[in-house]
Structure formats: structure tokens, C-alpha cells
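J.: This is the structure, below, for whatever I ask next.
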């Protein structure tokens, strides 16, 4: 839900849609619910849960195309292509440096979108501190997963994701930190 909300916010901002107000909250809550329902259905079909992909924000930023109808067309095209196994052969023949370069560009634009979302907000002392704590915690478990080795297995599985760790730290530090301006 944390990742979905962040991706929907970035997607709205990149697409020129509002990121506050009733329209945004309706879009964000619908997106989080749709993400949960699709994960529920995929679990019922003995598959992995689905997730909203931040890479889509990168594609929108690179191409300038944010129409949902293009998404419908691409979805239909991918379903049709999945019927033909030879198509996967073409993608498997793609040189790794080409795929790596496209992936690097994609995640770079995702990071830039996140920075743009943060920079668009008015940040006071409390917000900077909450941001610093959540970024430090999220990046810590991503770059040094061994810091979780002393935790019980259940907590380790919860905090092994940098998104979850950073999101939870942001929520709790926002609730607990009180700064007089």
C-alpha cells in the first residue's frame, strides 16, 4: 500500500494531475484497493501478488504519454503476444547491455520523479527530520541487510524491504516527533 500510494502520487504529478484534494484521494484510494484486490485474486490463482510498478512513472516521464488508453492498448498487445512463445525468444536474444541500459535509465527516472515529489512539498525542520530518518532506515536495510540479523524471523521478513522500513519509519517518526517552530 505504501509503494502503491507513492507510485500513484508520482504518476499524478508527472501526468499533470492534482496531488491533493478529493480527486487525488479518490484516485489514490482506488489504486490502493485495486492493487490489493489484484493481489488477492492472484493469490487465489496460486500466483505471486501483483504490484504497481514505479517504472511506469519513468516511461511517462520519458515519453510524455500518460493516457490510460495507451495502457489499455499495450495490455491487449501484451496478452496477444503472450499467446506466441516465439515472442519471448526475441526478448531473450536482446543483449544484456541494452536491457541493462534501459533498466538503468528507467530507474533513474523513477528516482528523479521521487525527488520531484519531495521537492514540490514545503519542508520544515520536522519534515526534513522525518525524511532523513525514513531514507536512512530504508536505505540501510537495502544496502546492509545483515543489520537485521539480530531480529526474530518475523520482524526480519517485515523490515527486509527498504520501502516498508522507510514507510513505517516515516509514519511513526511523523507521529512521534514534535518540533516547536
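The values are calculated or read from the model by the stated rules, or taken from the named source; none is laboratory data. Just so it is clear, the model here is predicted, and its values are computed rather than measured. Don't worry about glycine lacking a Cβ; one is built from the backbone with ideal geometry, like all the others, and counts go over all protein chains shown.
J.: Please find, among 33, 70, 90, the residue that is under 17 Å from residue 4 (Cα atoms) and surrounded by fewer than 15 Cβ atoms within 10 Å (Cβ to Cβ). Full working, then the answer.
T.: On the way: 70 fails: under 17 Å from residue 4 (Cα atoms); 90 fails: under 17 Å from residue 4 (Cα atoms).
None of the other options fit; the residue is 33.
J.: Name, by its number, the condition in (1) within 24 Å of residue 167 (Cα to Cα); (2) touching a helix residue (DSSP H, G or I) at 6+ places or on another chain (Cβ under 7 Å); (3) surrounded by 11 or more Cβ atoms within 10 Å (Cβ to Cβ) that does not hold for residue 38.
T.: Looking at each condition in turn, residue 38 falls short on (2).
J.: Those residues that are surrounded by 11 or more Cβ atoms within 10 Å (Cβ to Cβ) and more than 14 Å from residue 7 (Cβ to Cβ), I need them from the range 41-64; list them, please.
T.: So in the range 41-64, the residues surrounded by 11 or more Cβ atoms within 10 Å (Cβ to Cβ) come out as 41-43, 49-62.
Within the range 41-64, 41, 42, 43, 49, 62 meet the criteria.
J.: Kindly evaluate residue 100 against the criterion of being within 17 Å of the chain's Cα centre (by Cα) and in the same structural domain as residue 33 (by TED's automatic domain parsing).
T.: no
J.: One residue is enough: does the range 104-120 have a residue meeting the conditions surrounded by 13 or more Cβ atoms within 10 Å (Cβ to Cβ), farther than 19 Å from residue 10 by Cα and either outside the structural domain of residue 173 (by TED's automatic domain parsing) or without any contact (Cβ under 8 Å) to a residue 60 or more places away in the chain (or both)?
T.: no
J.: May I pose another question? Name the residue, out of 169, 151, 176, 135, that is loosely packed, with under 13 Cβ neighbours inside 10 Å and modelled with pLDDT of 80 or more. Lay out the reasoning, then the answer.
T.: Values: 169 fails: loosely packed, with under 13 Cβ neighbours inside 10 Å; 151 fails: loosely packed, with under 13 Cβ neighbours inside 10 Å; 135 fails: loosely packed, with under 13 Cβ neighbours inside 10 Å.
Answer to the selection: 176.
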